[in-house]
Amino acid sequence: MEQEKFEMWMMEYLSGALDESQRNDFENYLQEHPQHKEEFEEMSGTWIEIDKIQVPEPSERMDAAFFNMLHTEIEKKEDKKLGWYQGLQSFFSAMQMPQLAFGVLLLAIGLGIGYVLKTNPVQAPIESVVSTPNSETEEVREQLVLTLLEQTSANKRLQGANEAAKLKDANELIIKALFTTLNNDPNINVRLVAIESLAKYVETPEVRMGLVKSIALQDSPLVQIALADLMVTLQEKTSIESMKQLLEQPDIDNTVKQKLEESINHII
Amino acid sequence: MQELTNNALMLKVKSGDLDKLGLLYERHKKRLFGFFYNMNGNASLSEDLVQNVFERMLKYKHTFTGEGSFSAWMFRTARNVNYDYYRKNKMAFKQNEVSTIAYKLEDTDSIENTMQQRDDISILNRALQKLPPEKKEVLVLSKLKGMKFIEIAAILGCSEGAAKVKAHRALKDLRMIFLQLETR
């Protein structure tokens, strides 16, 4: 047998790796090979002696150090695992009542300021956009009224008189144009509509005075009656004198005469 | 069977159940301590090195696949720990050689048979410490209870046959050193 193979076999025998049958084979081999038997006896003596080298028991310090290390590692691991959860928890714990209320208050103030700053610049243009067309419409309407009242067509002048009633505020030019129509327009319907339009501005003393004076200037019974009704409605006492002047006219219509007398009586 | 359980425990440690390392420690602390003690003859140092082994097992738990023997993996780690310590403290190791043996003799209270026996074991111990580390470790590993040559081969990174041959040569050298010391 090769020396190396014997050495390996011997180590298997010494280490207890062989079963009973294999051990018998090895022992029988040694009986038949004295040189290897001698070598085995020398080596086995040292092998067995090694077992006699006493190894002390490890101290409790080793156990304490190990478990201390292990617990530290476990705590580190748990800290890592809980890291995100604790982060959230600490965030929410910071949101206790006083802080939360203060935070909400700040948020509300911020939103309020934001709303005011945002809405004001927007509203102003809207108003200007709306008011601009309105003022422009008024101007256009005024020009339209003045133009229509000067037209030769009765229908156009009628339309002009109607448009004048739609104006919010009549300026001096419009009022003057309406009185010109009332006192001079050949068409009765146009003059009647002019009365309706002027009735809208009776709060102005000049309009009231103009209407009173116009009573004596009218030759149409319908216009006279319309003015008389308006004076009664306005309870304009200054109009009595004008109506009396009209009554004194010789060609006055009887219906008008009765109406004027009734109106004078109502106003008084 | 226990080896299977060792593997299962270490796989649990690997998966994050670090408590299981405590069980592995209780099972293997004496063998590991014995390995280091026979390697360096210093009980206090051996305790520190056992601690280092378990710290490394935690640090490198991801390298444990569970396919091989747990003991082989553990002692491979122990071997690396021992080499690292030896490399870092080479000078101090040599200077303390005598004192560590003395420390060991103080520990071994059970050596009380005859003066001759005591002398023989003392000489054998000195001879063991004089063995080169690579020979000493194969011999110490092969003397560990339950350690098979196939596991030693896995620890040393060689074939089973080579492990047996290395163990035989280490034993032969130990005997040579012992005889030399004995005749002085």
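Within segment B:129-165, track down each residue that is within 7 Å of chain A (Cβ to nearest Cβ) and part of a helix (DSSP H, G or I).
So in segment B:129-165, the residues within 7 Å of chain A (Cβ to nearest Cβ) come out as B:142-143, B:148-149, B:161, B:164-165.
Across segment B:129-165, the qualifying residues are B:Ser142, B:Lys143, B:Phe149, B:Gly161, B:Lys164, B:Val165.
Conditions tested, residue by residue: (1) under 24 Å from B:Asp173 (Cβ atoms); (2) away from chain B (no Cβ under 11 Å); (3) of a type in the set (Val, Ile, Thr); (4) surrounded by 14 or more Cβ atoms within 10 Å (Cβ to Cβ).
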residue: A:Phe6; (1), (2), (3), (4): yes, no, no, yes
residue: A:Glu12; (1), (2), (3), (4): yes, no, no, yes
residue: A:Asp19; (1), (2), (3), (4): no, yes, no, no
residue: A:Gln22; (1), (2), (3), (4): no, yes, no, no
residue: A:Gln31; (1), (2), (3), (4): no, yes, no, no
residue: A:Gln35; (1), (2), (3), (4): yes, yes, no, no
residue: A:Glu38; (1), (2), (3), (4): yes, yes, no, no
residue: A:Met43; (1), (2), (3), (4): yes, no, no, yes
residue: A:Ile50; (1), (2), (3), (4): yes, no, yes, yes
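So, in segment A:223-238, how many residues would count as being aliphatic (A, V, I, L, M) and surrounded by fewer than 16 Cβ atoms within 10 Å (Cβ to Cβ)?
From segment A:223-238, those aliphatic (A, V, I, L, M) are A:223, A:225-228, A:230-232, A:234; that's our starting set.
If we keep only those that are surrounded by fewer than 16 Cβ atoms within 10 Å (Cβ to Cβ) too, we end up with none.
Selection size over segment A:223-238: 0.
Out of the residues in segment B:2-48 meeting the condition of being closer than 19 Å to A:Lys76 by Cβ and acidic (Asp, Glu), tell me which one is nearest to the other protein chains (Cβ to nearest Cβ).
The residue in question is B:Asp19.
Kindly indicate whether A:Ser197 is part of a helix (DSSP H, G or I), of a type outside the set (Val, Ile, Thr) and modelled with pLDDT of 80 or more.
On the way: part of a helix (DSSP H, G or I): yes; of a type outside the set (Val, Ile, Thr): yes; modelled with pLDDT of 80 or more: yes.
Yes.
For A:Ile252, all conditions in the list (1) in contact (Cβ under 8 Å) with a residue 12 or more places away in the chain; (2) surrounded by 14 or more Cβ atoms within 10 Å (Cβ to Cβ) hold save one; what is the number of the exception?
(1)
For the list (1) in a loop (DSSP other than H, G, I, E, B); (2) within 11 Å of chain A (Cβ to nearest Cβ), I need the number of the one condition that B:Glu55 fails.
Condition (1) is where B:Glu55 drops out.
Taking segment B:50-68 as the search range and keeping residues that are over 15 Å from A:Leu70 (Cβ atoms) and touching a Leu at 6+ places or on another chain (Cβ under 8 Å), which one is surrounded by the fewest Cβ atoms within 10 Å (Cβ to Cβ)?
Only one residue fits best here, namely B:Gly66.
The values are calculated or read from the model by the stated rules, or taken from the named source; none is laboratory data. All figures in this text were calculated on a predicted structure; none of them were measured in a lab. Here the Cβ is made from the backbone with ideal geometry for all residues, glycine too, and neighbour counts use every protein chain on show.
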